[in-house]
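Heads up: the structure comes next, in structure tokens.
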Amino acid sequence: MLSRLAGKTAFVTGASSGVGLASARRLAELGVRVAISARRLDLLEKLASEIGNDVVVARADVADGASVDAAVQLAWDELGHVDYVIHAAGIVTPAPIADLTRDLWEQHININLTGSFNVLRTFALKMKERGEGSIVSIASDLSFKGLANYAHYCASKAGLAGLSKALALELAPNIRVNCVCPGPIDTPMMESELQWFGGSEEVRAGAVAAVPLKRFSTPEEIADFAIYVAAEMRFATGSLLSIDGGTTAG
């Protein structure tokens, strides 16, 4: 079914690594014209040349609304319109409540939640004017549950889930808004989390053992699912779709 994507257009945030980069690569393989967005222009330009000559570089800091507006407009002008958004930008730095400073709290809210608002609102207005579109945000299994040392991250991802549900109702029936909610993913971000807990083989083994399927997902698995939700799950909107190895099953 995904073979029908050739000639479509997409905008990917957080495209410099992890799920965002995997999504951009997969979309390009499927014949989609892609705009990639992240904070580092030099890295984006390097990745764009690797992914394909038709890739649009649209640098943005999602926490900066004006930066997002400019990047979306650039992509819209270059691509003609945007059919699909894969919003994968985000951060996570574990911290116990005693070390959870206001600065660290605000950093996570500004990027993970306000940044999502900036991206989703800008595309919602563009897509509403056009009359169609599909937005998928990468939320988390921690959108559904709490975890010690992750209060700030849990709050930001639960907020993203609520934002997406509200917009799905407001933008229906022509624009779909969904969240993909992964469990642990084997990415550089995960490596930095494991380092915070000590970074030993025992730490990694313990994190893997906590997943019922006894492994982390790959970025490509999450990217493939997000693209499928964006393009093919046409009766899904306002959905929080778990792909977490069973971490929220119990």
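What to note about this one:
- Two-site label geometry, ASP77 and GLU220: point separation in nm, points 7 Å out along Cα→Cβ: 3.6
- Evaluating 6.51 cos²θ - 1.76 cosθ + 1.60 at θ = phi - 60° for every residue in segment 64-71, the Karplus couplings come out as 9, x, 5, 5, 5, 4, 5, 5 Hz, glycine and proline recorded as x.
- In sequence order, calculated HN-Hα J values of segment 228-234 (Karplus, 6.51, -1.76, 1.60; Hz; x Gly/Pro): 4, 4, 4, 9, 10, 7, 7
- Length-normalised contact order of the chain in % [C-alpha pairs under 8 Å, at least 6 apart]: 20
- Each residue of segment 127-134 was assigned a 3J(HN,Hα) from its phi angle through the Karplus curve 6.51 cos²θ - 1.76 cosθ + 1.60 (θ = phi - 60°); the sequence is 5, 4, 5, 6, x, 6, x, 8 Hz, with glycine and proline shown as x.
- For segment 96-138 versus segment 7-75, the inter-centroid distance based on Cα atoms is 17 Å.
- Each Lys and Arg adds +1 at its Cβ and each Asp and Glu adds -1 at its Cβ; summed about the Cα centre, the chain shows a dipole of about 600 debye.
- Count of Lys pairs (Cα-Cα under 26 Å; at least 8 positions apart or interchain) in the chain: 13
- Looking at segment 111-177, the GluC sites (Glu not before Pro) that sit in a DSSP loop and have at most 13 other Cβ atoms within 10 Å of their own Cβ are GLU132.
- Amide proton proximity set for VAL56, modelled H, under 5 Å, gap of 5+: VAL34, ALA35, ILE36
- Cut-off 20 Å (backbone N to label point 7 Å along Cα→Cβ of ALA249), residues of segment 183-197: 183-186
- If the chain linking LYS128 and ALA209 were pulled fully straight, counting 0.36 nm for each residue of separation and taking away their Cα-Cα distance, it would gain 24.7 nm.
- Lys/Arg +1, Asp/Glu -1 at C-beta; the chain dipole; positive extreme among GLY131, ALA210, LEU104: GLY131
Where a number appears in this text, it was derived from the coordinates with a stated rule and is not lab data. What you see is a predicted model, and the numbers here were worked out from it, not measured in a lab. Don't worry about glycine lacking a Cβ; one is built from the backbone with ideal geometry, like all the others, and counts go over all protein chains shown.
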